[in-house]
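Undergrad: Shown below is the structure under consideration.
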Amino acid sequence: MIKTAVKTRADSAAPTGDEAYDVAVIGAGAAGLRAALLLGRARRRVVVIDAGEPRNAPAAHMHGFLSRDGLSPATLLGLGRAEIARYGVDVVRGRVEHLEPRGAHRTRIRRAP
């Protein structure tokens, strides 16, 4: 089932830590959003964890993205977030502080305070 509502969570509504995902993508830049899109389309339960500080934020325009030449970085990221939301991908604002293996195929992610 494809969800149409944007499911971005602010720090105040952060997950309790009990959520189980198939994949966690750390960073919501162009590469992270692409990974989340492909995984969401493959019907995986995906969370994207992002600090909201893109490295290319000072740039006025981006170049080299097919069909998006000259677009501002913020606009591209906004379009990407809207696109992944259609596939039920959760986006959580925060920084990852620690990854802790928890047996086969499980990892606990601790976010920075």
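Undergrad: Assuming a ≥ b ≥ c are the square roots of the Cα gyration tensor eigenvalues, decide whether region 73-113 counts as rounded (a/c under 1.5), prolate (otherwise, with a/b larger than b/c) or oblate. Can you show the working numbers first?
TA: Values: a/c = 3.70, a/b = 1.85, b/c = 2.00.
Oblate, since a/c reaches 1.5 and b/c is not below a/b.
Undergrad: Sort Ile84, Ile109 by heavy-atom solvent-accessible area, probe 1.4 angstrom, most to least. Each step should come with its number before you reach the end.
TA: Numbers: Ile84 0, Ile109 60 Å².
These residues rank, largest area first, as Ile109, Ile84.
Undergrad: Take the alpha carbon gyration tensor of region 28-72, find the square roots of its eigenvalues, order them as a ≥ b ≥ c, and report rounded if a/c is under 1.5; if not, report prolate when a/b exceeds b/c, else oblate. It would help to have the intermediate numbers written out before the result.
TA: Values: a/c = 4.55, a/b = 1.59, b/c = 2.87.
Here region 28-72 falls in the oblate category.
Undergrad: Gain in length, His98 to Arg41, computed as 0.36 nm per residue apart minus the alpha-carbon separation, to one decimal in nm? Walk me through the intermediate numbers first.
TA: On the way: separation 57, 0.36 × 57 = 20.52 nm, distance 2.75 nm.
My answer for the length gained is 17.8 nm.
Undergrad: Based on the Cβ-Cβ distance of Arg68 and Ile26, what FRET efficiency does E = 1/(1 + (r/R0)^6) give at R0 = 35 Å, to the nearest 0.05? Could the numbers behind the result be given before it?
TA: Numbers: r = 23 Å, r/R0 = 0.66.
For R0 = 35 Å, the calculated efficiency reads 0.90.
The values are calculated or read from the model by the stated rules, or taken from the named source; none is laboratory data. Note that this is a predicted model, so its numbers are computed, not measured. Please note: Cβ atoms are built from the backbone with ideal geometry, for glycine as well, and neighbour counts cover all protein chains shown. We work out accessible area using only protein heavy atoms, side chains counted, and drop any ligands, DNA or RNA first. Shrake-Rupley method; radii C 1.70, N 1.55, O 1.52, S 1.80 Å.
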